[in-house]
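One structure is given below, encoded as structure tokens.
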Amino acid sequence: MNQKDPSNMISNNEKLAADTLLVRNYLACIPEKNMLQDAERQQYRHDIKALLKEKNAVLVAHYYTDPELQSLAEETGGLVADSLEMARFGRDCAGDMLVVAGVRFMGETACILSPEKTVLMPNLEATCSLDIACPIDKFSAFCDQHPDRTVVVYANTSAAVKARADWVVTSSIALEIVEHLKSNGEKILWAPDKHLGRYIQEKTGADMLLWDSACIVHEEFKAKGLMDMKAVYPEAKVLAHPESPASVLAIADVVGSTSQLIKAACELPNQTFIVATDQGIFYKMQQLAPEKTFIVAPTAGNDASCRSCASCPWMGMNSLQAMYESLRDGSNRIKVEPELAKKAMIPLQRMLDFAAQHRMRVTGKA
Ligand code: CIZ
Ligand code: SF4
């Protein structure tokens, strides 16, 4: 699919609207975390800790998940991180089982990198608007139309899409990888996030053909509201994830992946930050910089008129109760068919090798 093919855009948008509705309905049916009584929450936490131990399982949680799960991961020797670190840690940690609190592509990646481990997710329905908007059949046809281009896909894609790619990238390493490809004279086909793709294109000057889809959370940040908020907090720095629209990035003081934004929040001397990414990240920012103030960037709407209000509905499917049940029953096991996993491993491994070498170059440490 490309921008010039409106029929594809319509069908993808319809699918996305339907999926968003499905998620909203689903969330309406599960108990709200703040509706859990304190004693009930404590019981779940206690039981999850006991089950993790009993099953020799490690909990790996994304920065966008409920702080309740992030703290559980930390307290049990697991990890809270971005998708690149989650993948690396999951592969390298001892343990027979990984519990991935995040969205489906993260569970699939864990499964591909750690075929010997059992990988569970609290909810297998937790997907991502970017994954939904990049179905393998259309993506594959798009690649076939451009055989001269190196195919680079964002980690937020299905295992099948990864298997069709030359490179997988996450937002924390995308710029460096595209720079590298450009210096080799390669032309790029990029999917699926158009905002991140355009941002990288501008930064690197690489020849990139972009797939046309977006994250429903980041797309809702609006430049006008952000300008108004900056007027109220003139001392604040604006931190934005590159999945946000160009008009928002143009106002931001720092544009970066989740880990890069957390680093900026800690290192910059400012006291106040307006943050344009999923609110789950505030847990880690506040933990590392307790004396600072973090404010969520304004979104297009509020509550009922808002598709996400800076909270990913799919990340929100990771509840304490769902995690407890999946661990107790060994349910929601994520599997990737071995042949497909083998193919998807190639571009994933390329990214991990590149990241390790890059880290070596930058820090002198592997
Ligand atoms: O790669 C990830 O973890 C995501 C989805 C965002 C980011 O920038 O870290
Ligand atoms: Fe996907 Fe956006 Fe949710 Fe991340 S925040 S999982 S990119 S929909």
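Residue selection: residue 144 fails the criterion of being within 27 Å of residue 244 (Cα to Cα), more than 16 Å from ligand 2 (Cβ to nearest atom) and either basic (Lys, Arg) or surrounded by fewer than 19 Cβ atoms within 10 Å (Cβ to Cβ) (or both). Working carefully through the options 227, 121, find the one that is touching a residue at least 24 places away in the same chain (Cβ under 8 Å) and more than 24 Å from residue 85 (Cα to Cα). Exactly one of 227, 121 is touching a residue at least 24 places away in the same chain (Cβ under 8 Å) and more than 24 Å from residue 85 (Cα to Cα), namely 227.
The condition (being within 15 Å of ligand 1 (Cβ to nearest atom), under 16 Å from residue 341 (Cα atoms), hydrophobic (A, V, I, L, M, F, W, C) and crowded, with 24+ Cβ neighbours inside 10 Å) is satisfied by just one residue among 153, 103, 119: 153. Residues that are part of a loop (DSSP other than H, G, I, E, B) and either modelled with pLDDT under 95 or in contact with a His (Cβ under 8 Å, 6 or more places away or on another chain) (or both) within the range 75-84 comprise just one, 82.
Within the range 252-273, residues that are farther than 19 Å from residue 298 by Cβ and modelled with pLDDT of 95 or more sit with their Cβ atoms under 6 Å from residues that are within 16 Å of ligand 2 (Cβ to nearest atom) and assigned to a strand (DSSP E or B), at 6+ positions apart or across chains, in these pairs: 264/239. Assess whether residue 87 counts as being under 15 Å from the mean Cα position of the chain (by Cα), at pLDDT below 95 and of a type outside the set (Val, Ile, Thr). Yes: the conditions hold for residue 87.
The C-beta contact set for the range 168-196 (first residue in a helix (DSSP H, G or I), second residue of a type in the set (Asp, Glu), distance under 7 angstrom, 6+ apart or interchain) comprises 194/212; 195/243; 196/243.
Results for (1) closer than 25 Å to residue 333 by Cα; (2) among the aliphatic types (A, V, I, L, M); (3) out of contact with any Lys or Arg (no Cβ under 6 Å at 6 or more places or on another chain); (4) not assigned by TED's automatic domain parsing to the domain that holds residue 320, shown as yes or no for each residue.
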position	(1), (2), (3), (4)
119	yes, yes, yes, no
138	no, no, yes, yes
158	yes, no, yes, yes
171	no, no, yes, yes
177	no, yes, yes, yes
184	no, no, yes, yes
191	no, yes, yes, yes
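Just one of (1) within 15 Å of the chain's Cα centre (by Cα); (2) of a type outside the set (D, E, K, R); (3) outside any helix (DSSP H, G or I); (4) surrounded by fewer than 24 Cβ atoms within 10 Å (Cβ to Cβ) fails for residue 94. It is (1). Restricted to the range 53-74, and to residues there that are part of a strand (DSSP E or B) and away from ligand 2 (no atom under 16 Å from the Cβ), the residue that is farthest from residue 94 (Cα to Cα) is 59.
Of the residues making up the range 80-100, those that are farther than 15 Å from residue 318 by Cβ and within 14 Å of ligand 1 (Cβ to nearest atom) number 7. Among the residues examined, residue 326 does not qualify as within 23 Å of the chain's Cα centre (by Cα), among the hydroxyl-bearing types (Ser, Thr, Tyr) and at pLDDT below 95.
Yes/no per residue for (1) away from ligand 1 (no atom under 16 Å from the Cβ); (2) under 17 Å from residue 171 (Cβ atoms); (3) not β-branched (Val, Ile, Thr):
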site	(1), (2), (3)
269	yes, no, yes
299	yes, no, no
309	yes, no, yes
315	no, yes, yes
319	yes, no, yes
328	yes, no, yes
335	yes, no, yes
346	yes, no, no
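The values are calculated or read from the model by the stated rules, or taken from the named source; none is laboratory data. What you see is a predicted model, and the numbers here were worked out from it, not measured in a lab. Cβ sites come from the backbone with ideal geometry, for glycine too, and all protein chains shown count toward neighbours.
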